[in-house]
Amino acid sequence: MKLEESITKYLERNRIDRLAPKAVLFDMDGVLYDSMPRHAKAWKGVCDEAGIEADADEFFAYEGRTGASTIDILIRRQFGRGATEEECRSLYKRKTELFAEQPKAPVMHGAQGAVGAVARAGAVSVLVTGSGQGSLLERLDDDFGGAFAKDRRVTAYDVRRGKPDPEPYLVGLAKAGAMPTEGVGVDNAPLGVESASRAGLFTIGVRTGPLKPGSLLEAGADIELESMEECERALERIFRLAPEAQTNA
Ligand code: MG
């Protein structure tokens, strides 16, 4: 589907006549940082050690779940019973260790351009992540030129219900002082896309990992793109189409 067509559908669905975003809400893992392959590798390592058969690619589909929920899926499939609290604790601890042992995750190609497009249009960027991982959060200022002010970040510590509940994106909108129809959400995971879409945002699904084509549209994305470079171009186009941008041009 073309961008214009997906915007028209969004406007009709929300009974509004224009999309003029004040804020763009970005997920972190798999959107701003190319960190998902490291998470998948760490999970696969835990499974190998624990005698659980798993495919590294499957962890891209679980992104956004709590560690305990992912461990429960794996244990049920392998052993036909739920995971114990002790298994959840020890396997998740091990996963965190295996993640930390890997080299630093690079900034996602095109992410700085996409965040730059928001600033150039006079809108604000907001972080909406389920992660509480200090090693990436601490790098945001340096890597994104201060675009994610501390009071415009939603992390694991700011919400009671994580994605796919709409709460994280709704909290992000509140931090930006924007209504749902004044925001655009950018997420790479099915559960994240569902969260943004349920919050009422125009939702860009960016398929930066090995998910099946169309899986982000199925999760509720208004449009599915394949890279953050494409996302930058889409954001530029959205802002160009916005009435304010036209008058300022
Ligand atoms: Mg993500």
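The values are calculated or read from the model by the stated rules, or taken from the named source; none is laboratory data. Not measured: the values here are computed from a predicted model. As a convention, Cβ positions derive from the backbone with ideal geometry for all residues, glycine included, and neighbour counts pool all protein chains shown. Protein only, heavy atoms only, side chains kept; ligands, DNA and RNA dropped before computing areas. Shrake-Rupley method; radii C 1.70, N 1.55, O 1.52, S 1.80 Å.
I'd like to know if the stretch 67-82 contains one or more residues that are within 15 Å of the ligand (Cβ to nearest atom), of a type in the set (Val, Ile, Thr) and either part of a loop (DSSP other than H, G, I, E, B) or surrounded by fewer than 17 Cβ atoms within 10 Å (Cβ to Cβ) (or both).
no
Taking the conditions exactly as written (more than 15 Å from TYR10 (Cα to Cα), among the basic types (Lys, Arg) and touching a strand residue (DSSP E or B) at 6+ places or on another chain (Cβ under 9 Å)), does LYS212 satisfy them or not?
no
Provide a single number: the residues in the stretch 90-115 that are modelled with pLDDT of 95 or more and open to solvent by 80 Å² or more (accessible area, probe 1.4 Å).
2
Any residue in the stretch 22-44 that is more than 16 Å from the ligand (Cβ to nearest atom) and either in contact with a Ser or Thr (Cβ under 8 Å, 6 or more places away or on another chain) or at pLDDT below 95 (or both)?
yes
Evaluate the following for ARG13: is it assigned to a loop (DSSP other than H, G, I, E, B), open to solvent by 60 Å² or more (accessible area, probe 1.4 Å), more than 16 Å from the ligand (Cβ to nearest atom) and over 25 Å from THR155 (Cα atoms)?
The answer is no for ARG13.
Of (1) over 15 Å from PHE26 (Cβ atoms); (2) within 16 Å of the ligand (Cβ to nearest atom); (3) in contact with a helix residue (DSSP H, G or I) (Cβ under 9 Å, 6 or more places away or on another chain); (4) without any contact (Cβ under 8 Å) to a residue 40 or more places away in the chain, THR203 satisfies all except one. Which?
That leaves (1) as the condition not met.
Any residue at all in the stretch 149-164 that is closer than 19 Å to ARG13 by Cα and free of Cβ contacts under 8 Å to residues at least 40 places away in the same chain?
Checking the stretch 149-164: not a single residue is closer than 19 Å to ARG13 by Cα and free of Cβ contacts under 8 Å to residues at least 40 places away in the same chain.
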